[in-house]
Every structure is written in structure tokens, then in C-alpha cells.
1. Against the longest principal axis of the chain, how steep is helix 27-45, in degrees 0 to 90 to the nearest 10, with axes from Cα atoms?
2. According to the square roots a ≥ b ≥ c of the eigenvalues of the Cα gyration tensor, what is the shape class of region 337-395, taking rounded for a/c under 1.5, prolate for a/b larger than b/c otherwise, and oblate for the remainder?
3. Rounded, prolate or oblate: which one fits region 63-137, using the alpha carbon gyration tensor with axes a ≥ b ≥ c (rounded when a/c is under 1.5, else prolate when a/b beats b/c, else oblate)?
4. Per DSSP H run of n ≥ 4, the term is -39500 (n - 2.57); total these for the chain, divide by its residue number, and report the mean residue ellipticity at 222 nm rounded to 500 deg cm²/dmol.
5. Would you look at the GNM of the chain, springs on alpha carbons closer than 10 Å, and say which of Ile178, Ile158, Ile300 moves the most?
6. Taking amide H positions as placed in the peptide plane 1.01 Å from N, state which residues far from Gly228 in sequence (5 or more) or on other chains have amide H under 5 Å from it.
7. For the chain, what is the charge dipole size about the Cα centre, in debye to the nearest 20, if Lys and Arg each add +1 at the Cβ and Asp and Glu each add -1 at the Cβ?
8. At a 1.4 Å probe radius, which order do Thr275, Thr235 fall into by accessible area, largest first?
Amino acid sequence: MSSKVFLLAGILVLVMSCQVKKNKKYPVLNKTSVRLESRYQELLKYPVDSTRIPRSYTKVTNKVRGVVSKDWTSGFFPGNLWQLYKITGKKEFLDKAKIWTSFVEKEKFNNEDHDIGFKVYSCFGTGYKITGQEDYKEVIIQSAKTLSTRYSGKVGAIRSWDFNKKKWDYPVIIDNMINLELLFEASLLTGDSRYHDIAVNHANKTLKNHFRPDNSVYHVIDYNPSNGVVRLKNTHQGLNDYSAWARGQAWAIYGYTMCYRYTKDQKYLDQAIATAHYYLDHKKLPKDGIAFWDFDDPKIPNTHIDVSASAVVCSALYEIHGFTKKDYFLDKANLILKSLMSDKYVLDSAIKAPFILDYSTGNKPKEDELDEPIVYGDYYFLEALVRSKEVKDSK
């Protein structure tokens, strides 16, 4: 009897010892995984509605801002579901991704602005990489055809917006760089170099005119449509025309890294790295790597941060590291990702809304979507998670 007691006690001590070691080694990871999983489930629970595609969430009113497919953010929510399927392997994310993606298909013919790349490629592009579905491929190709109609050979760039015509004649915004991925992919899928050439011309025009001597970036460059000469250099969402709007810097870093992926043109990677250094080494970047909405806001640190800009940069840094193999970029990416995954930025599990991260800034000048979860912040965060895992698996 006594020997059995000692045996059981020994087993209990061994089990407890193993448990303590496990918790000591992975305390943050376990807690983070549980919290993130609770957020992922909220995306599945959100009612399917083609007229209410999740864009952002206001905690004070407990309301989800839902949009229709023509909104520039419409493709990110289905894109998030695609990435969650890749991360978790759970079929329910795949099934919901297909449903929500179908709502965006009609945008393949919408040439009213440059955002077709954001809308279509974030969901159909992500979905095609996972499934290889032929109909997804056709949507990507048609969308590239549509985006190409906004290109002017005289300007050498794709027109971003048609509004505000009293101020702009041919506006091109740094955000437009992200849409070039749609064109590069369409060229690979069809063998038609026209899409590739348009993307390269746009990247070159932007490289020439959007960057300042310190490698920060203007938001909007307005051109003379008849000869491509610069008319104005200003902003639409930054503090002022000469400030460094954080998400604008992020689009530049991400966009030129992506352009290098498709072209292997060194000047694109050089610019991505130069602007990344401007961003990462800036004296006003907080130690946790999560940027304020504009680096030149005089109210720093008593102003808004932009988690979405930080997520975009984080994802881009993993790709830059893949090209350069420099630990600096990997360390910075890991720092930002660790911060994004912390309790400070991940929404509490008690909040019943289809979002993951908090504290993004949508449009500060218009006082719109401030300190809120915004869908594209989640998209680039999930992409960074995927890329982080790929780095670990490659070692």
C-alpha cells in the first residue's frame, strides 16, 4: 500500500514538473494563442451579408462598420479568412472565405478608381494561391484589364482618383503601389507583358517623384495629364503636405519590396530599404515599433497610433529579410509582430466583433476611424504571421 502511494506521488511530481517546465518555456505563446484563437472565431461568427462586409468597429457604440463591395476595403475580410485557413487548416475558414470572396467578384469591371487591386487581389489573389481555382484566375486577369484602363502613357502612371477635380488633374497616391501586384500576377498568368510594363512604368514614375531626399514619401503627386509634368505634391490623409504619414511610408516600403520580388530590379529594393530605415530609425517611433499615425504630428506622444501601418511594415520586413538575409530586418519584424500580438493591441475576447487588432487610424484629417480595429490592419498582421512561420520553417 505504501509503495503505491509513493509511486503515485512520484508520478504526480513528474507530471507537475513537466507542466511547470512547459509553462515556463511557453507562457506568452500559450496565452497569446488562446486570445488570438478567440478573435479568429469572431470572424466566423459574423453574419454573412454582401452589403455589410466588415471594415471597422467602434467600441463606444459597439457597431461594426459594414460596406458593399465597391468600398476599397471590401477584399480584406475575405482575405483574412483565406489566411486564417492557411494558418489554422480549419475548413470552416475555407468555406466562409469562398462565400465572402464571391461578393467582391463584380468589382472586376469597376474602373472608377485604382482600388481594384486592393479589393480583388487581397481575396481572389490570396484564394487563388491556396486553391488554384480557374475561375479565380479569370477574375484576376479581368481585374488587371480593368485597372489598365486607368493608365496613361503620357503620364506614365495609373490615375488613382477621379474626385476633387478642382484641385487635382491627375492624382497618383503612394497607396497605388500595392495595386501593382495584380498587374504583375496577371502578366505571369497570361504571358502578356503589357501588364508587367504598366506596373514597371508606374513604379518608376512614383520612384522619381514621390520620395524626398530623406527617403520619406509624399502621399499625393498630381500630374499634368497632357505631358506628365508634376503639378502638386501634397497629402490627403497626412498631417500636412510635407509630413510623413505613417501608412504612406508603409505602402512605399511594402510596394517597392513587392516590385523587387517580380522584377529583381535592385533600385526597387534599395528604395524599400531606404524608406524602411527612415521609418524604423525615426526618433519618434516608439520602442515597441508601433508607429504614430504621422511622424510629424506635434502632439506626439499624445496622439493616435496606427497599428495598420505597423502591420504593413512588419509584413514587408519579413520579405526584405528574405531578400537581404540581414538580421536587422528580421529582428525589427519580430519586434513589431511581438508587440502586435500582445494584450495591448489584440482585442479582448469579450468584444464580439469580426476583428483581431485594435488602435488603427483610418483618416485622421477627417476624424474618421480613430483608435479602432480596421480590417486591413488584420490582413497584413495575418500575412506577417504567415511569413514569420515561413522564416522559422526555413531554418
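1. Computed tilt is about 60 degrees.
2. Cα axes put region 337-395 in the prolate bin.
3. Verdict is oblate for region 63-137.
4. The helix contribution divided over the chain gives -17000 deg cm²/dmol.
5. Ile300
6. none
7. Using Cβ point charges on Lys, Arg, Asp and Glu, the chain gives about 940 debye.
8. Highest to lowest solvent-accessible surface, that is Thr235, Thr275.
The values are calculated or read from the model by the stated rules, or taken from the named source; none is laboratory data. Everything quoted here is computed from the prediction, not taken from an experiment. FYI the Cβ positions are ideal-geometry reconstructions off the backbone, even for glycines, and counts take in every protein chain you see. Heads up: the accessible areas ignore ligands, DNA and RNA and are worked out on the full protein's heavy atoms, side chains in. Shrake-Rupley method; radii C 1.70, N 1.55, O 1.52, S 1.80 Å.
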